[in-house]
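The values are calculated or read from the model by the stated rules, or taken from the named source; none is laboratory data. Source: prediction; values computed, not measured. For neighbour counting, all protein chains shown are included, and Cβ atoms are generated from backbone atoms with ideal geometry for every residue, glycine included. Side chains are part of the model used for accessible areas, which takes the heavy atoms of the whole protein and leaves out ligands, DNA and RNA. Shrake-Rupley method; radii C 1.70, N 1.55, O 1.52, S 1.80 Å.
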Amino acid sequence: MVIIYHSNTGFTRQYAEMLAKAEKLKAYSADEAPAGLEELVFFMGPLMAGHITGLDKAVKKYKVKGVCGVGMSPASQQVMDLLAKSNYTAGGALFYLQGGWAPEKVGWVKRRMVGVATKSIREGLQSKGSRRSPEEDQQLNFLIHGGSYVAYENLKPVQEWMKTL
Ligand SMILES: Cc1cc2nc3c(=O)[nH]c(=O)nc-3n(C[C@H](O)[C@H](O)[C@H](O)COP(=O)(O)O)c2cc1C
């Protein structure tokens, strides 16, 4: 198996490189993956409006056995259900990892799109004022200024699944 990933601001690349190192696999960015690859592929890509970037092309081009979306929201059943609904994996297993948010690395149009999508959460947190818990303070800071939740431990379910292949 090889890892092919797409990454705009670097969080998916970090996960792909960590996973490659731990599992002794090769990781290629979608641009540099060799043509005519015969091996099974684990595809990783950032979420954009619920869709895993680069996945459509990857399922057409490669034998995709597993797929992993990387987004800014914490992992939850709701996120998984949405992912499954909005992404065609050609029968491949589906995973989700929380990456991060780097507003300074995206253009203003995309920054605004995320701003609109997170508006009600931000406003809800802001209106709590001094009643915000430390976790809520952290969440608000993340939504406004960005940050990273990339962590090696998050890869565990993917690694367990890889062992079963
Ligand atoms: C236009 C846009 C849309 C996004 N949509 C989602 C989304 O639907 N769900 C989510 O969890 N994160 C969303 N994000 C956040 C990215 O998926 C997140 O920052 C991810 O970690 C980026 O990975 P990368 O650094 O590999 O590009 C969006 C970001 C942008 C710029």
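Checked against (1) modelled with pLDDT under 95; (2) within 13 Å of Asn8 (Cβ to Cβ), Ala90 meets all criteria but (2). Within the range 101-108, one or more residues are under 13 Å from Leu47 (Cβ atoms) and in contact with a strand residue (DSSP E or B) (Cβ under 9 Å, 6 or more places away or on another chain).
Every residue in the range 39-48 that is assigned to a strand (DSSP E or B) and surrounded by fewer than 21 Cβ atoms within 10 Å (Cβ to Cβ), please.
Here is the first cut: in the range 39-48, the residues assigned to a strand (DSSP E or B) are 40-48.
Once the filter is applied, which keeps residues that are assigned to a strand (DSSP E or B) and surrounded by fewer than 21 Cβ atoms within 10 Å (Cβ to Cβ), the range 39-48 yields Leu40, Met48.
Can you tell me which residue is most open to solvent (accessible area, probe 1.4 Å) among those in the range 1-34 that are assigned to a helix (DSSP H, G or I) and small (Gly, Ala, Ser)? Result: Ala22. When the range 49-66 is filtered for residues that are open to solvent by 80 Å² or more (accessible area, probe 1.4 Å) and either within 13 Å of the ligand (Cβ to nearest atom) or in contact with a Ser or Thr (Cβ under 7 Å, 6 or more places away or on another chain) (or both), only Ala49 remains. Residue selection: Gln77 fails the criterion of being modelled with pLDDT of 95 or more, polar (S, T, N, Q) and within 9 Å of the ligand (Cβ to nearest atom). Each residue in the range 67-114 was checked for being closer than 18 Å to Val158 by Cα, touching a residue at least 40 places away in the same chain (Cβ under 8 Å) and exposed (fewer than 15 other Cβ atoms within 10 Å of the Cβ), and 1 pass.
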